[in-house]
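**Student:** Below you will find the structure I want to go over with you.
The values are calculated or read from the model by the stated rules, or taken from the named source; none is laboratory data. All figures in this text were calculated on a predicted structure; none of them were measured in a lab. Note that we place each Cβ from the backbone using ideal geometry, even for glycine, and neighbour counts take in every protein chain shown. Ligands, DNA and RNA are excluded from the accessible area calculation, which covers all protein heavy atoms including side chains. Shrake-Rupley method; radii C 1.70, N 1.55, O 1.52, S 1.80 Å.
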Amino acid sequence: QVQLVESGGGLVQAGGFLRLSCAASGRTFSTYALGWFRQAPGKEREFVAAVSWSGTSIDYADSVKGRFTISRDNARNTVYLQMNSLKPEDTAVYYCAAQRRYSNLRRGDVEVWGQGTLVTVSS
């Protein structure tokens, strides 16, 4: 099983950008679909983006489509989330997630969670 560690969160002004990284340990990294979820204060955790093990299938929540880009580098055991045109409503703790079945990720069926990284977008 993989273990996930996120980094790259921080404070940014509205309209700015950040890139989150999620580094994985474990030899089976390339067999997992990977995703990003977020949880804003007082709200439930929600799906943000997912990428299949091969990188050929990608999915986004409607709220981030056109602004966020998910990618993975299996050679580096890392998945990224490039976040552009950030809005105050993007403020949340962002979690990396792994699931061997890509089709399960969007509905929150996750096998492994990271610890989360905080993104704060000021207006």
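**Student:** With the crude spin-label approximation of a point 7 Å out along Cα→Cβ, what separation in nm comes out for residue 19 versus residue 75?
**Tutor:** 1.5
**Student:** On average over all directions, what projected area in square nanometres does the chain have, based on the convex hull of its Cα atoms? Display every interim value, and only then the final one.
**Tutor:** Working: hull surface 26.5 nm².
Value for the chain: 6.6 nm².
**Student:** Further question on the same structure: Quick one: Karplus J couplings for the stretch 19-28, per residue in order, coefficients 6.51, -1.76, 1.60, θ = phi - 60°, nearest Hz, x for Gly and Pro?
**Tutor:** Per residue, the Karplus-derived 3J(HN,Hα) values read 10, 8, 10, 9, 9, 10, 10, x, 6, 9 Hz.
**Student:** Enumerate by residue number the trypsin sites (Lys or Arg not before Pro) in the stretch 14-49 meeting two conditions: DSSP loop (anything except H, G, I, E, B), and at most 10 other Cβ atoms within 10 Å of the site's Cβ.
**Tutor:** Values: sites: 19, 27, 38, 43, 45; in loops: 27, 43, 45.
When the trypsin sites (Lys or Arg not before Pro) of the stretch 14-49 are filtered for loop state and at most 10 Cβ neighbours within 10 Å, 27, 43 remain.
**Student:** Apply 1/(1 + (r/R0)^6) to the Cβ-Cβ distance of residue 101 and residue 11, taking R0 = 41 Å, and write down the FRET efficiency to the nearest 0.05.
**Tutor:** Numbers: r = 35 Å, r/R0 = 0.86.
FRET efficiency, residue 101 to residue 11: 0.70.
**Student:** Also, quick follow-up: Helix-derived [θ] at 222 nm for the chain: sum -39500 (n - 2.57) over DSSP H runs of at least 4, divide by residue count, nearest 500? Don't skip to the answer; put the middle values down first.
**Tutor:** On the way: 1 runs with 4 residues, N = 123.
Value at 222 nm, helices only, nearest 500: -500 deg cm²/dmol.
**Student:** Another one. Tell me the relative contact order for the stretch 84-123 as a rounded percent, counting alpha carbon contacts under 8 Å between residues six or more apart. It would help to have the intermediate numbers written out before the result.
**Tutor:** Working: 53 pairs, mean separation 21.9, N = 40.
Over the stretch 84-123, the number comes to 55 percent.
**Student:** What part of the accessible area of the chain, given as a whole %, is carbon or sulfur when the probe is 1.4 angstrom?
**Tutor:** 47
**Student:** Roughly how many Å² is the accessible area per residue of the stretch 73-116, as a whole number, for a 1.4 Å probe? Working shown, then result.
**Tutor:** Values: 2180 Å² over 44 residues.
In whole numbers, the stretch 73-116 has 50 Å² accessible per residue.
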